[in-house]
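Okay, so here's the structure we're looking at.
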Amino acid sequence: MTNDTIHVHLKVGVPSANVERFTALMDELVERSLAEPGTLLYEWYQAADGTWHILERYADAEQGDAHVKGFAENYAGRFFELAESCEATVSNNATAYIQGVLEGLAPTYITQKGGFHRF
């Protein structure tokens with residue numbers, strides 16, 4: 001089974017006082033990511049307990065690095081100022097660059113063992 005896509009799932013705790021600004025930041029990031037053809041999936045969800053879940057999927061290493069670099073350089077400061085916690089689950093084929101950016105979150109790396117995708 002070969003799959004070059006890179007997956008990232010972030011679980012983010014956002015204090016209620018920051019939700020409005022976090023939502024505005026989400027809108028900016030979604031708009032920016034729409035222009036990235038290699039960003040295959042970029043979805044933000046809010047759970048009943050108030051946590052946010054961000055699902056990301058990139059076509060390959062180059063596309064993943066491009067997205068994460070843009071985030072790190074332009075949005076990470078604001079993102080982490082608004083969040084009180086962040087957990088990351090990342091596919092084990094993430095590049096050294098992505099791993100380095102996420103290192104402070106102590107991500108869980110996962111290996112795909114089965115399943116399929118239709119895109």
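Observations on the model:
- Angle in degrees between helix 19-34 and the longest Cα principal axis of the chain, rounded to the nearest 10: 30
- Protection proxy ranking, peptides 109-115, 90-96, average beta carbon neighbours within 10 Å, highest first: 90-96, 109-115
- For volume of the Cα convex hull per residue in Å³, computed directly from the structure shown, the correct entry in (i) 328; (ii) 112; (iii) 98 is (ii).
- Charge dipole (debye, nearest 20) of region 1-98; +1 at Cβ of Lys and Arg, -1 at Cβ of Asp and Glu: 100
- Rounded to whole numbers, the Karplus 3J(HN,Hα) couplings from phi for region 73-87 are 7, 10, 10, 4, x, 5, 4, 6, 5, 8, 8, 9, 7, 7, 10 Hz, using 6.51 cos²θ - 1.76 cosθ + 1.60 with θ = phi - 60°, and x at Gly and Pro.
- Simple spin-label estimate for Lys113 and Thr51 in nanometres, 7 Å along Cα-Cβ: 2.2
- Considering only alpha-carbon pairs that sit under 8 angstrom and 6 or more positions apart, the relative contact order computed for the chain is 34 percent.
- Centre separation in Å (Cα based) which lies between region 1-58 and region 68-119: 10
- Counting charges near His117 (Lys, Arg +1; Asp, Glu -1) among other residues having Cβ under 13 Å from its Cβ returns a value of +1.
Taken together, the values in this text are just the output of simple stated rules run on the coordinates, not laboratory data. Because the structure is a prediction, the values reported are computed rather than measured. Please note: Cβ atoms are built from the backbone with ideal geometry, for glycine as well, and neighbour counts cover all protein chains shown.
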